[in-house]
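Enquirer: Okay, here's the structure, questions in a sec.
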Amino acid sequence: MTGVRRGLMMRCPECGQGRLFRSYLKVDPVCDSCGHENGQYRADDGPAYFTMVLVGHLVLAPLLVFEFIWTWNPLLVLAMILPLLAAITLGTLPVVKGAVVGTLWGLQLKGDHR
């Protein structure tokens, strides 16, 4: 759980001090603090799938309870909901990717470098 917790904070899973990402979703290959090779953990498409499941179940599904979703003009509903969903999804994705990298670190699952 240490790696997951550090990954959720977008920190190096090894030391918890260095940054995990050098840009939005690009994992920094080597930690600035401890020198651990974070580039060896390949998250691939997992974070995108987990993010879609989280946002779909925790945000989109509860929205279906509100009556305006069903009664208002669909174009107006989409114009209101899509920017919200995009912002939540883009904000959640790096956190989920950090958790996946932390999980891979904890399980010592390293990818090959082809």
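None of the figures in this text is laboratory data; all of them are computed from the coordinates on show. Note that the structure is predicted; figures quoted are calculated from it, not measured. Here the Cβ is made from the backbone with ideal geometry for all residues, glycine too, and neighbour counts use every protein chain on show.
Enquirer: Go through the residues of segment 64-78 one by one and say whether even a single one is part of a loop (DSSP other than H, G, I, E, B), polar (S, T, N, Q) and within 30 Å of residue 111 (Cα to Cα). Walk me through how you get there before you give the answer.
Expert: Narrowing segment 64-78 to residues part of a loop (DSSP other than H, G, I, E, B): 64-67, 72-73.
With polar (S, T, N, Q) added as a condition, the list becomes 73.
Those still in the list that are within 30 Å of residue 111 (Cα to Cα) too: none.
So far as segment 64-78 goes, no, none of its residues is part of a loop (DSSP other than H, G, I, E, B), polar (S, T, N, Q) and within 30 Å of residue 111 (Cα to Cα).
Enquirer: Which of the numbered conditions does residue 82 fail, given that it passes all the others? Conditions: (1) outside any loop (DSSP other than H, G, I, E, B); (2) surrounded by 11 or more Cβ atoms within 10 Å (Cβ to Cβ); (3) not hydroxyl-bearing (Ser, Thr, Tyr).
Expert: Every listed condition holds for residue 82 apart from (2).
Enquirer: Condition check: surrounded by 13 or more Cβ atoms within 10 Å (Cβ to Cβ), free of Cβ contacts under 8 Å to residues at least 24 places away in the same chain and over 18 Å from residue 110 (Cβ atoms). Does residue 23 satisfy that?
Expert: Working: surrounded by 13 or more Cβ atoms within 10 Å (Cβ to Cβ): no; free of Cβ contacts under 8 Å to residues at least 24 places away in the same chain: yes; over 18 Å from residue 110 (Cβ atoms): yes.
No; evaluated as a whole, the condition is false for this residue.
Enquirer: Condition check: touching a residue at least 40 places away in the same chain (Cβ under 8 Å), part of a loop (DSSP other than H, G, I, E, B) and not aromatic (Phe, Trp, Tyr). Does residue 110 satisfy that? Give the derivation first.
Expert: Numbers: touching a residue at least 40 places away in the same chain (Cβ under 8 Å): yes; part of a loop (DSSP other than H, G, I, E, B): yes; not aromatic (Phe, Trp, Tyr): yes.
Yes: the conditions hold for residue 110.
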